[in-house]
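The values are calculated or read from the model by the stated rules, or taken from the named source; none is laboratory data. This is a predicted model, so every value here is computed, not measured. A quick note on method: Cβ atoms are made from the backbone with ideal geometry, for glycine too, and the neighbour counts reach across all protein chains shown.
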Amino acid sequence: MWMFNCRDVSRLVSESMDRELSFTKRMGVRFHLMMCRHCAGFRHQLARIRKIIRSQDEENIPPLTMEGKARERLNQLLKEKINSFDPETK
Ligand SMILES: [Zn+2]
């Protein structure tokens, strides 16, 4: 299964940031990203948000501070982005 559609790729890109994908999936995603600038842009945005969230994790901020709330909001934003990503309807 080499040809993923945009929705598959957006899900897999997000998944790949939490755990390693299988070789086949990784290749399929890479192949799609080479041809689809929507998904390439999406992956870029996602990586940037993840980086912000991770940098806050490293500072070990307690969950109930303002910063913890900001992190929650970022996580929420990330979920919304993944759910609303649908270049085919644009
Ligand atoms: Zn795509």
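Key figures for this structure:
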| item | result |
| --- | --- |
| Conditions (1) at pLDDT 70 or above; (2) away from the ligand (no atom under 16 Å from the Cβ); (3) of a type in the set (D, E, K, R); (4) closer than 16 Å to Asp18 by Cα; number of the one not met by Arg43 | (2) |
| Search result, residues across the stretch 26-40 that are crowded, with 17+ Cβ neighbours inside 10 Å, without any contact (Cβ under 8 Å) to a residue 40 or more places away in the chain and within 8 Å of the ligand (Cβ to nearest atom) | His32, Leu33 |
| Pick from the stretch 5-25, criterion more than 24 Å from Leu77 (Cβ to Cβ) and not in a helix (DSSP H, G or I), ranking: farthest from the ligand (Cβ to nearest atom) | Glu20 |
